[in-house]
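*Asks:* Sharing a structure with you now.
The values are calculated or read from the model by the stated rules, or taken from the named source; none is laboratory data. Just so you know, these numbers come straight off a predicted model, no measurement behind them. So basically every Cβ, Gly included, is an ideal-geometry build from the backbone, and we count neighbours across all protein chains shown. Heavy atoms of the whole protein, side chains included, go into the accessibility calculation; ligands, DNA and RNA do not. Shrake-Rupley method; radii C 1.70, N 1.55, O 1.52, S 1.80 Å.
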Amino acid sequence: MRVVGGELRGRALRAVPGRSTRPTADRVRQSLFDLLGQRCDGLRVLDLYAGTGALSLEAISRGAAHATLVERDAKAAEIIQRNVDELGCAGRCAVLREEVARALPRLAGPFDLIFSDPPYALRAAQETLESLVRPQLVARDGRVVLERDRREPRPTLPAEFELIDERRYGDTAVLIARRR
C-alpha cells in the first residue's frame with residue numbers, strides 16, 4: 001500500500017496485520033481522488049473508521065491542512081500513528097482512539113471533507129450519514145465520501161445533502177455527497 005498522489009506520492013503505508021481492517025485499495029483511492037479533484041489545498045478532513053489512515057494521508061499529501069482520524073481498534077490506531085509519524089505528518093494529523101459514535105458529538109467542525117469506511121459487517125452507512133447532520137460538523141459545500149459493501153442498501157441522503165456521484169469498485173460501493 002502506498003500514497004498514490006501529491007507530495008508524499010510513492011511513500012509506503014503500513015497495513016494492520018490480520019483481517020481486522022479492509023484498507024481502501026490503491027486503485028480505488030486514485031479513482032476517488034480523480035472524482036474529488038487532485039488537490040485538497042487547505043481542507044479540514046475527518047476520517048471515520050480510519051483503518052490505516054490511507055484516505056486522510058492521501059488528502060494530506062494533496063495539500064489538506066489537517067486531518068482528524070477516528071479509529072476504535074487499538075492495533076489500527078497504532079498503525080495509523082506510525083504511518084502519520086513516518087510520513088512526517090504529525091503536526092497535521094490527530095488520531096483519536098475511540099468509537100465513532102462517541103467521538104462525533106465532541107468533534108469541533110466544520111470539516112470540508114469526511115471519509116467514512118465502516119466495517120462492512122456493521123452496515124453503518126445510513127447511521128453514519130444521519131450522524132453527520134449535526135450543525136457545524138460538515139462545512140457548507142463540504143463533501144462526504146461513504147464506502148459500503150455493494151450489497152448493503154444504498155443509504156437515503158438526509159435533506160441537508162445532495163448526491164454528487166456514486167461508483168462501484170468490485171464489492172465496494174462509494175457514495176459522494178455534498179452538504180447544501
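*Asks:* Spot the failing condition for Gly6; the list is (1) touching a Phe, Trp or Tyr at 6+ places or on another chain (Cβ under 9 Å); (2) open to solvent by 50 Å² or more (accessible area, probe 1.4 Å); (3) of a type in the set (Gly, Ala, Ser), and only one is missed.
*Replies:* (2)
*Asks:* Looking at the stretch 97-145 only, could you name the residues that are assigned to a helix (DSSP H, G or I) and crowded, with 20+ Cβ neighbours inside 10 Å?
*Replies:* Val100, Ala125, Thr128, Leu129
*Asks:* Write out, first by first residue and then by second, each pair whose Cβ atoms fall under 6 Å of each other, whose residues are 6+ apart or on separate chains, and whose first residue, in the stretch 31-46, is over 24 Å from Pro118 (Cβ atoms) while the second is modelled with pLDDT of 95 or more and surrounded by fewer than 20 Cβ atoms within 10 Å (Cβ to Cβ).
*Replies:* As it stands, the answer is Arg39/Gly63; Asp41/Gly63; Gly42/Ala65, since those pairs meet every condition given.
*Asks:* Glu152 versus (1) under 19 Å from Leu69 (Cβ atoms); (2) acidic (Asp, Glu); (3) open to solvent by less than 40 Å² (accessible area, probe 1.4 Å): which is the lone unmet condition?
*Replies:* If we test Glu152 against (1) under 19 Å from Leu69 (Cβ atoms); (2) acidic (Asp, Glu); (3) open to solvent by less than 40 Å² (accessible area, probe 1.4 Å), just (1) comes out false.
*Asks:* Of the conditions (1) assigned to a strand (DSSP E or B); (2) open to solvent by 20 Å² or more (accessible area, probe 1.4 Å); (3) at pLDDT below 95, Ala173 clears all except one; give me its number.
*Replies:* The failed condition is (2).
*Asks:* Across the stretch 67-91, what is the number of residues that are free of Cβ contacts under 8 Å to residues at least 40 places away in the same chain and open to solvent by 40 Å² or more (accessible area, probe 1.4 Å)?
*Replies:* Matching residues across the stretch 67-91 total 8.
*Asks:* Here is a further query. Pick out the one residue from Ala94, Ala64 that is outside any helix (DSSP H, G or I), surrounded by fewer than 17 Cβ atoms within 10 Å (Cβ to Cβ) and under 15 Å from the mean Cα position of the chain (by Cα).
*Replies:* Just a single option satisfies the conditions, and that option is Ala94.
*Asks:* Would you point out the residue of the stretch 15-48, among those that are touching a Ser or Thr at 6+ places or on another chain (Cβ under 7 Å) and open to solvent by 50 Å² or more (accessible area, probe 1.4 Å), that is modelled with the lowest pLDDT?
*Replies:* Pro23
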